[in-house]
Structures are given as structure tokens and as C-alpha cells.
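Shown next, in C-alpha cells, is the structure this report addresses.
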Amino acid sequence: MNIKDKVLVVEDEKSISGFIRAILSSNGYDVILARSGSEAFSMISSHCPDLVVLDLGLPDIDGMQIIETVRQWTQLPIIVVSARSYERDKVAALDKGADDYITKPFGAAELLARVRVAIRHTRSGLVNETLASTGKFTAGELTIDYDKHQVLISGENVHLTQNEYKIVALLGKCAGKVLTYDFIMKELWGPQSKGSNQILRVNMANIRRKIDKKEPRRAAVYLHRGRRYSFYFPRMIRQFISACAVILGSGREA
């Protein structure tokens, strides 16, 4: 499966949203559109994009409010694209949590460069300098290639689905931390995902099955300790999973 970075474009003017969509789609991004603030909130929660391109002048909700609200539960990169050219507007958007600010009109090359930088910055400072500079996380024979959206064992693609890849990618970025079910679900499926963790359990089972298939003689083992659900994988990726415990029913986050 070819997994692409998903970009949500929030823009009420069809000509501009069409222009942005054409640029991004032709350069390998999966693009979804929202034409209002309320639609943007819904799509951020349901689709959990990798990046948001946001116009401030929406018909129902000011873009500044969207930035402020989204920052309460996720750090996904937000690039503002707006006709507001005053310095105070740029400063206000950046202070509320926007990662970048582009003033209309803009060129295709500039937009693409800023998108690449914003997505690249999401992996910097999370694990180590190697991940930040190469886009790859390696533990033994396991490699997570963040640029190609692939998980490899001994150089062979494990062929994860988009949800499965996002789970493993998040664990790689947060290696060495203890993550709760609530934290993982909120990061991947938005703030409305609280409640049943069945979707996470199913995806984790599929990840285990696919990894075990690659190395059937070194199957992964789960250990239950009270309310803790710790993951112990084969030796080749034990370094990756070590300390990545998921605590059932706990609101504590790493």
C-alpha cells in the first residue's frame, strides 16, 4: 500500500482551494478539502491529517480560533495561507500555534517548500538527531521510513495499512516514553475517539501478526500486569518497543 502524507486544505474560495489541491496532489500528497471552520474541526478529528493548510477568513469561524482550539489537543503542523498581510496578524497566528504563515498571492514552489519543512519538523527533536536528519528510525533490523511511509524488517516492507503505520510511526517518534491508550487514540483519531479502545486493540493485533509473519520463529509476546499492557517484541525490535507501554484506562500521558 502506498501511504501518502494527508493534507487538509481549509479554504472557502473554490479557485484557491482547487489551486492548492492541484499543486499538492501532483506532488504526491493526499489532499482533502474543507470550506468552513465547522467542517475543518470535523475533518481534523475524523481524518487526522498530517498537516493543515488554513485560511483565516472563513465564513463561520475565524481561523485564529481554529488554531487555538486545535492546539488544545494536537501538535499537527498548521500552515496559514491568508490575504491578511499585516505583521500583527502574522504574529497573532504564530503565537496561537501556527507553524508557518504564507501571504496570498503565493507561488507553488514556496507552498511546497513550506509544506515539506513543516512535515519534516514534526519528527525533529522527538527521538534523536538521526531521525530528524534522515527521516528514519532504526532499532536492530526494524526500520521506520517516515519519508516513504514504510516499516521494514531486514529491508523487507511489512505492508502495513495506513492506521497500522501511523501507530508504529507514533511509537517510533515517542520511543522511550510511556503512552496511554487515550493519548494514542487522541493523536491518531482525534478528541472524539475517547471511550472504547477496540480499534487500537485490533490494529495492534494486526501489527503483531504481520511482524510475526516476517519472523515466525521469534514471535512477539504480550505480558499483562494489572492494568498495564506492555509490549515485548522479538530481539531485533525490542529496543524500539522497550518502555513503550500502554496503560489501560489511564489518563496519564507521557
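The values are calculated or read from the model by the stated rules, or taken from the named source; none is laboratory data. Small disclaimer: the values here were computed from a predicted structure and weren't measured. A quick note on method: Cβ atoms are made from the backbone with ideal geometry, for glycine too, and the neighbour counts reach across all protein chains shown.
Consider only pairs whose beta carbons are under 8 Å apart and that are at least six residues apart or on different chains; among these, list those whose first residue lies in region 16-38 and is free of Cβ contacts under 8 Å to residues at least 24 places away in the same chain and whose second residue is assigned to a strand (DSSP E or B) and not aromatic (F, W, Y).
Here the result reads S17/V9; S17/L33; R21/V9; R21/V31; R21/L33; S25/V31, each pair linking region 16-38 to a residue that is assigned to a strand (DSSP E or B) and not aromatic (F, W, Y).
State yes or no: is V91 crowded, with 19+ Cβ neighbours inside 10 Å and either β-branched (V, I, T) or part of a loop (DSSP other than H, G, I, E, B) (or both)?
So V91 fails the test.
Collect the residues in region 146-160 that are crowded, with 17+ Cβ neighbours inside 10 Å and assigned to a strand (DSSP E or B), keeping them in residue-number order.
Listed by number, the residues that qualify are Q150, V151, L152, I153.
Output yes when any residue across region 164-173 is surrounded by 19 or more Cβ atoms within 10 Å (Cβ to Cβ), modelled with pLDDT of 85 or more and more than 24 Å from W73 (Cβ to Cβ), and no when none is.
Among the residues of region 164-173, not one is surrounded by 19 or more Cβ atoms within 10 Å (Cβ to Cβ), modelled with pLDDT of 85 or more and more than 24 Å from W73 (Cβ to Cβ), which makes the answer no.
Filtering region 9-59 down to residues that are part of a helix (DSSP H, G or I) and of a type in the set (S, T, N, Q), which residue is surrounded by the fewest Cβ atoms within 10 Å (Cβ to Cβ)?
That would be S15.
Scan (1) at pLDDT 95 or above; (2) surrounded by 21 or more Cβ atoms within 10 Å (Cβ to Cβ) for the single condition V70 breaks and write down its number.
The one condition V70 does not meet is (1).
Could you please give the count of residues in region 170-185 that are closer than 22 Å to T134 by Cβ and out of contact with any strand residue (DSSP E or B) (no Cβ under 6 Å at 6 or more places or on another chain)?
Residues meeting the conditions: 7.
Can you find a residue in region 130-138 that is part of a helix (DSSP H, G or I), at pLDDT 85 or above and surrounded by 13 or more Cβ atoms within 10 Å (Cβ to Cβ)?
No, there is no match, as no residue in region 130-138 is part of a helix (DSSP H, G or I), at pLDDT 85 or above and surrounded by 13 or more Cβ atoms within 10 Å (Cβ to Cβ).
Would you say L76 is within 21 Å of the chain's Cα centre (by Cα), of a type in the set (A, V, I, L, M) and either part of a helix (DSSP H, G or I) or surrounded by 15 or more Cβ atoms within 10 Å (Cβ to Cβ) (or both)?
yes
Could you grab me the full set of residues in region 63-79 that are of a type outside the set (D, E, K, R) and closer than 20 Å to H121 by Cα?
I67, V70, Q72, W73, T74, Q75, L76, P77, I78, I79
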